[in-house]
Structure formats: structure tokens, C-alpha cells
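Asks: Quick one: the structure is below, and I'll ask about it shortly.
The values are calculated or read from the model by the stated rules, or taken from the named source; none is laboratory data. None of the values given here were measured: they were computed from a predicted structure. Here the Cβ positions follow ideal geometry from the backbone for every residue, glycine too, while neighbour counts run over all protein chains shown. Areas reflect the complete protein model, heavy atoms only, side chains present, ligands, DNA and RNA absent. Shrake-Rupley method; radii C 1.70, N 1.55, O 1.52, S 1.80 Å.
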Amino acid sequence: MSNNSILVVGGGFAGITAALEAAEVGYEVYIVETNPYLGGRVAQLNQYFPKLCPPSCGLEIQFQRIKNNPNVKVITMAEVTSVTGTAGNYDVRITQRPRYVNEKCTACGECEKATATRIESEFDFGVGTRGLAYKTHPFMFPMRYVVDAENASESELEAIKLSCPYEAVDLDDSGKELDLAVGAIVVATGWKPYDVSKLTNLGGGTLKNVVTNMQFERLCAPNGPTVGKIKRPSDGAEPKKIAFVQCAGSRDQNHLNYCSYICCMASLKHVRYVRERSDASATIYYIDLRTPGRYDKFKALTETDEKLSLVKGKVAAIVEDAQGNPIVTVENALTGIKSEEKFDMVVLATGMEPSCAGLKAPAGQIDADGFVVDGEGIIAAGCAKQPFDVMKSAQSGTAAAMRAIQTVVGR
């Protein structure tokens, strides 16, 4: 007896798309997401390609579709701990971490005011802080607070509990083990930014005013730590001169062997963010500027800006002066001249590493780079499969839904 339910591991853009496409033709779908919210990396962006929409724009529509579809069951703060069986008949064990906040939550925010303690925000990649009771962003779905019991003292937990007028804080929440029977599994576990601390020559993680492309997205986002104003992390000053370093870790045998597909476009987009907000100048250091397909037009429009310099050359090193200004050493590939240039701030276009890299895939196999390989009944989607932009992630989610349906029907 085969099972017609479908499991989607990962609730980012690809996972949500796969789940909705299958649910809307009548299949029962479970989305298992490790974060407290759906939306994946897109939720952390200021704007995304191809139309530079704010993430709430594309995600709100998807969340409405999920709310309106009883076939979709969402399990957040959860991981797949084991998969047994074969295509058409999988038994899946899910472990769900405690949220300490139940469905009575109205997201009023009283719990967040109950303690003054702030810690580094994972959602902001460490450039911002959050409370011990928090919601990650304004359009979070499900719209429910999370209590960080690990970092809170007993008295802080008690204060958080007492502050809630709706009795939504449940400190006895202990998490759950769930068993699901499904016929097909879509693995849409997405990507993580390459570990910048491995890029020691570029000052990754040690130089205050050298940030990653995703940290820069948070600095430009209106719901980010600086309310969308670009500020240097060291002193909060507005940078007048910014460098963008391409292929920070990508196309490099010591780090990521492959091209991460979207980083060149992201840096061109970041130049637009800068120019919309200030009169600062920008320099992009690149190996090749890769703007696939229709993105060529975006590049052509962006590079007409007289405040943008494009320099073909690999950055060898970044150090800082006494004022915390990054000094970039680069060899210009066209002139052969090696030079040093001082900037107020540097943004590293760190590559996309699949979330499963260095770990075990929740289901199926992974290749040498950490990407999930399709198997019978186990289908990879989005950036778990290969580096994609949002549009291609959505397309691969639709394709994965189709294959999952063929798996559960064709038995």
C-alpha cells in the first residue's frame, strides 16, 4: 500500500513552491522547517531578483495560499532525524524543538519588552541584536514569538511569562517527536553563506568594516538593524567609499570549487542600494562578471553609473589601518599593476554553500560539494540542488512537486 502524502524538507522559496503546487492539486503535504518561520533566505534579503521586490511581496502571497489550503501542514523549528523505507512508503521521524509560545500568541510584543537583555541576531547575521523573546522580522510566518530559553535566566523567563496578556508563553513546552508516513520527499534545504572566517587573507570575521553580502543585505533592509541605512559596523559612520569583492570563496579550489551563480548580480544590486541611499563611490573587484541570461540588461544599466568602478582583478589581501579603514591589495588583471587602496567599508561576495555541506542530507545522498543528489522518491529542489536565483528556485520547486506526484501516483 503506497502513501500519497509528500514531505517537503525546508520552507524557503523552493520548498514553499513545491508544497503548494502539490497541495493545490489535492495532495497532503508536510513542510518541515528548521527556523521558527517560513521564507528561508529570501526573508533575509532587502530586495530580490528579477524585479527587485521586497521579500514580503513574494512571500505574503505564498503565505496566504498556505493559510487557505488545509492540505499543507507546517512544522517549524524541526528537523528530520531519520528516514526509512522506499519510494512510495517512507517512515520519517521529525524532532521539533520547543518554541515556548503557543497558538494564543497575537505578536503584541509585550514579552519582548519584559527583559532588557539583547544578544546577537542570527537573522541579521550578527550585525544586529534581538531580545530573549523575539520575532525575527515583521512579516514572519507563522506570526508567533519565540522564547530563547537557552540564553535566558530563570527570572527573565518568569518575567517573559508574566508579561503575556494572552497566556501564550508556555515554559513547560518540551518539543516533540513526530512520525510521518509519506510517499515522496522533496529536499529543499537551501543554502548557507560560506564560512567567512575561512577567508583569513580577506579579513573575514576579524576586520570590523569587512562584511559579507548577506550582512550587507540586512544593513540595507528597512526591517534590519540600521533601518535600511548603510553604516560602518565599527563606528556607525556612513561610508563614502565601498569596495565589493567578487568570488570570496567561490571558484577557488581551497574553498568552493564552483561559481555561486548569483553573487555578481548581488554585488551589482548592492551598488544600486548604495547609490539610492548616498553619494558614495563603489568599486567592484571581479574575476569575470557573470550576469546570466536576461540579467545582462541589469548589468548594462548599473555600470553606466559614473560613481562605479569595475576592476578586473583578484583581491590578494585586506588589512586595516588604525582607524579601522580596510586597505585592499589587488592585482589588476588587465594592466598587471599591483596596488593598495583604502576604503571605508568592504563587502565580500561570499559564495552559496548548500546547507547540507559537511552534514548528512535529511534524505538521500549528497555529492562532494554538499548538493543533494536525486534518488528514487527523493527529489532535490532549489539551492539544495545547485546555486539558483529565486526565480529558478521556484521553477525547480514546481518541477520537484511534479516528480513527487509522479512518485506517489505511479505505484
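Asks: So, in region 128-213, how many Lys pairs have Cα atoms under 28 Å apart, if the pair is 8 or more places apart or on different chains?
Replies: Final tally of qualifying lysine pairs is 8.
Asks: If the convex hull of the alpha-carbon atoms of the chain is projected onto planes in all directions, what is the mean projected area in square nanometres?
Replies: Approximately 20.8 nm², given one-decimal rounding.
Asks: Which ³J(HN,Hα) values in Hz, rounded to whole numbers, follow from the phi angles of region 80-89 under the Karplus curve 6.51 cos²θ - 1.76 cosθ + 1.60, where θ = phi - 60° and Gly and Pro get x?
Replies: 7, 9, 7, 10, 10, x, 9, 3, x, 8
Asks: In whole angstrom, how far apart do the alpha carbon centroids of region 221-261 and region 53-95 sit?
Replies: 31 Å
Asks: Still on this structure: For the chain, modelled as a GNM with alpha-carbon contacts under 10 angstrom, which of THR304, THR200, THR95 fluctuates the most?
Replies: Checking each option, the largest mean-square fluctuation is seen for THR304.
Asks: A further question on this structure: How would you classify region 217-261 from its alpha-carbon gyration tensor, with a ≥ b ≥ c the square roots of the eigenvalues: rounded for a/c under 1.5, else prolate if a/b is greater than b/c, otherwise oblate?
Replies: Since a/c reaches 1.5 and a/b is larger than b/c, the shape of region 217-261 is classed as prolate.
Asks: Over the chain, what percent of the accessible surface lies on carbon and sulfur atoms, probe 1.4 Å?
Replies: 50 percent
Asks: How large is the accessible surface per residue of the chain, computed with a 1.4 Å probe and reported in Å² as a whole number?
Replies: For the chain, the solvent-accessible area averages 44 Å² per residue.
Asks: Also: Quick one: what are the phi-derived ³J(HN,Hα) couplings along region 150-163, Karplus 6.51/-1.76/1.60 with θ = phi - 60°, whole Hz, x for glycine and proline?
Replies: 5, 9, 9, 7, 4, 5, 5, 4, 5, 4, 5, 4, 5, 6
Asks: Another one. Kirkwood-based Rg over Rh for region 1-74 (C-alpha set), two decimals?
Replies: 1.01
Asks: Same structure, new question: Between their Cα atoms, which of LYS51/LYS307; LYS113/LYS360; LYS113/LYS229; LYS241/LYS392 are more than 28 Å away from each other?
Replies: Exceeds cut-off: LYS113/LYS360; LYS241/LYS392.
Asks: Still on this model: Can you tally the net charge around LYS192? Count Lys and Arg as +1, Asp and Glu as -1, for every other residue whose Cβ sits under 12 Å from the Cβ of LYS192.
Replies: Computed value for this residue: -2.
Asks: Let me ask something else about it. Considering only protein heavy atoms, what is the solvent-accessible area of THR302 at a probe of 1.4 Å, reported in Å² to the nearest 10?
Replies: Approximately 10 Å² for this residue.
Asks: Quantify how much of the Cα-Cα distance distribution of region 193-346 extends past 18 Å, in percent.
Replies: 57 percent
Asks: Evaluate Rg over Rh across region 267-362, taking Cα atoms for both radii and Kirkwood's formula for Rh.
Replies: Here the Rg-to-Rh quotient is 1.03.
Asks: Have a look at SER82, ALA404, ALA333 and report the one farthest towards the positive end of the charge dipole of the chain, computed about the Cα centre with Cβ charges (Lys/Arg +1, Asp/Glu -1).
Replies: Of SER82, ALA404, ALA333, it is ALA333.
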